[in-house]
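The values are calculated or read from the model by the stated rules, or taken from the named source; none is laboratory data. What you are looking at is a predicted structure, and each value in this text was computed from that prediction instead of being measured. Cβ sites come from the backbone with ideal geometry, for glycine too, and all protein chains shown count toward neighbours.
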Amino acid sequence: MERVQAVRGMNDILPDAVHWWQKVETTAREVLELYGYREIRTPLVEKLELFARSIGESTDIVEKEMYAFPDRKGQWLALRPEATASVVRAFIEHNLHADPLARKFYTIGPMFRHERPQKGRYRQFHQIDAEVFGIDDPLMDAEVMIMLCDFLQRLGLKDIGLHVNSLGCPECRPRFREKLKAFLQNRSPQLCPDCDRRRHVNPLRVFDCKVDRCREALTDAPELAQYLCEACRRHFDKVLEYLSDLHVAYAVDSRMVRGLDYYMRTTFEVITDRLGAQNAVGGGGRYDGLMRDLGGPDLPGIGFAIGMERLILLLQQKEAWVSKKPQVFIAVLGDEAVRQAFRLAQDLRAHGVAAELAHGGGSLKSQMRRADKLGVAHVVIVGEEELARGVVVVRHMVSKEQDQVPLENTVQFLMTVSTVESL
């Protein structure tokens, strides 16, 4: 019978890799909660309309990448391709704007996009997502970016860069859009088919294209910074001032647009040169107006998302992981010793000592081989002859020395030697 395998681009996370995920998730929760964020968990499946209205119908995500399907009643649903729209929907649906403490949220979990799997980018991928609602202050823009950098630095990542830009607002962006459309019309023969289509429906998307000939065609394209209104210019200048006040290194990247239509004013990415073409570890920006467009109160918003797969690739390049292993292996000799060994294993675990019990018995030689493969520091040999004398044998795997220890003192003895060896 043919084996059933995982869906392409949707990967198992095996026990030998899970510790990286736990490290990232634990650090994320510590940092986000330090800055006052509270966790929220939303469904993996939402109404398709939510993403079409928020992300933009002309984006690649909605047009090409979403996993969309009708349910049994004909209602179109989608696996969430990103988290912001879902968090905004939950905020509106549960009237969280009435709670003065409900301003900062985070969520951690899987997203889904049907695109070509590549290094650090899969069809089921995982994100750490942070969102802030109701605060229209350039200081918050700076704080969000600083928090993102703080998180990455706590993970030990230093060789990363912060790129920032302003996408303007509905007042000033239309002027730039028309100027860009005119420019792209003259460059149409040089553009890839996708960008030639984008120049009509969403010309800013061409800046997000990774095709070399499109990048070359945009070399002398107009820059949005030249068309910012006075309010957007002041906002962006204040953001840069706040970053500089805390000595945060950044680069203004006038071609950075991000991949979602709801962004306006401040946008940012954290990039690295260690992951090839997909060089963004995380990014985000301000999306004032999104909540209103989804039927909620007209509250501003800003947030970011971090791709966990790419982040973990960076951590694995940086350091090797020493996996946790049991501290003690309990070898059992004879049927009568099993129950006593079982009690001893539970007693050790209750005192915080990781213990592995020799299930299934076997010769002492085979049990010692298993203990050696596990890499334990100590083996406790529980045999019928030893129990008759009220003792167990503790073998120290590094020195190969052995001690006879009274059964009732075994836990305290192992806790003591483990503490001394760790000093």
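The single residue among Asp372, Asp347, Asp403 that is assigned to a strand (DSSP E or B), among the charged types (D, E, K, R) and exposed (fewer than 15 other Cβ atoms within 10 Å of the Cβ) turns out to be Asp403.
For the subset of segment 193-209 comprising residues that are surrounded by 13 or more Cβ atoms within 10 Å (Cβ to Cβ) and of a type in the set (A, V, I, L, M), which member is modelled with the highest pLDDT? For segment 193-209, the residue satisfying everything is Val206. Yes or no: segment 246-261 includes at least one residue that is assigned to a helix (DSSP H, G or I) and in contact (Cβ under 8 Å) with a residue 40 or more places away in the chain. No, every residue in segment 246-261 fails to be assigned to a helix (DSSP H, G or I) and in contact (Cβ under 8 Å) with a residue 40 or more places away in the chain.
Can you find a residue that is more than 29 Å from the chain's Cα centre (by Cα), farther than 30 Å from His97 by Cβ and at pLDDT below 85 anywhere in segment 164-176? Yes - at least one qualifying residue is present in segment 164-176. The single condition from (1) surrounded by 17 or more Cβ atoms within 10 Å (Cβ to Cβ); (2) under 40 Å from the mean Cα position of the chain (by Cα); (3) not in a loop (DSSP other than H, G, I, E, B) that Met415 fails is (1).
If I filter segment 18-33 for residues that are over 17 Å from the mean Cα position of the chain (by Cα) and of a type outside the set (A, V, I, L, M), do I get at least one hit? Checked against the condition, which is being over 17 Å from the mean Cα position of the chain (by Cα) and of a type outside the set (A, V, I, L, M), segment 18-33 yields no hits at all. The residue that is nearest to the chain's Cα centre (by Cα), counting only those in segment 237-264 that are modelled with pLDDT under 90 and charged (D, E, K, R), is Arg258.
Here is a yes/no grid of residues against (1) among the aromatic types (Phe, Trp, Tyr); (2) surrounded by 13 or more Cβ atoms within 10 Å (Cβ to Cβ); (3) at pLDDT below 85:
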position	(1), (2), (3)
Arg274	no, yes, yes
Gly284	no, yes, no
Gly289	no, yes, no
Ala320	no, no, yes
Ile381	no, yes, no
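Of the residues in segment 195-207, not one is more than 34 Å from the chain's Cα centre (by Cα) and aromatic (Phe, Trp, Tyr). Taken over segment 144-178, the criterion of being touching a helix residue (DSSP H, G or I) at 6+ places or on another chain (Cβ under 8 Å) and among the charged types (D, E, K, R) is satisfied by Asp150, Arg154, Glu171, Arg173, Arg175, Arg177.
How about segment 11-29: which of its residues are assigned to a helix (DSSP H, G or I), of a type in the set (D, E, K, R) and over 16 Å from Asp129 (Cβ atoms)?
The first filter runs over segment 11-29 and keeps only residues assigned to a helix (DSSP H, G or I), leaving 15-29.
Checking which are of a type in the set (D, E, K, R) leaves us with 16, 23, 25, 29.
Those that are assigned to a helix (DSSP H, G or I), of a type in the set (D, E, K, R) and over 16 Å from Asp129 (Cβ atoms): Asp16, Lys23.
Taken over segment 200-209, the criterion of being part of a helix (DSSP H, G or I) and either of a type in the set (Lys, Arg) or farther than 19 Å from Arg286 by Cβ (or both) is satisfied by His200, Val201, Pro203, Arg205, Val206. Output the residue which, of all residues in segment 210-236 that are buried (at least 19 other Cβ atoms within 10 Å of the Cβ) and assigned to a loop (DSSP other than H, G, I, E, B), is modelled with the highest pLDDT. Ranking the candidates gives Leu228 first.
Of note, Gly295 does not satisfy the criterion of being more than 17 Å from Glu408 (Cα to Cα), part of a strand (DSSP E or B) and either in the same structural domain as Glu82 (by TED's automatic domain parsing) or touching a Leu at 6+ places or on another chain (Cβ under 9 Å) (or both). Selection of segment 350-369 for residues being assigned to a helix (DSSP H, G or I) and either over 36 Å from the mean Cα position of the chain (by Cα) or not assigned by TED's automatic domain parsing to the domain that holds Asp403 (or both) yields Leu364, Lys365, Ser366, Gln367, Met368, Arg369. Return the residue satisfying two criteria in turn: it lies in segment 26-68 and is at pLDDT 90 or above and aromatic (Phe, Trp, Tyr), and of such residues it is surrounded by the fewest Cβ atoms within 10 Å (Cβ to Cβ). Residue satisfying both the conditions and the ranking: Tyr35.
For Glu39, state whether it is in contact (Cβ under 8 Å) with a residue 12 or more places away in the chain, assigned by TED's automatic domain parsing to the domain that holds Ala130 and under 13 Å from the mean Cα position of the chain (by Cα). The answer is no for Glu39. Among the residues examined, Ala182 does not qualify as in contact (Cβ under 8 Å) with a residue 40 or more places away in the chain and part of a helix (DSSP H, G or I).
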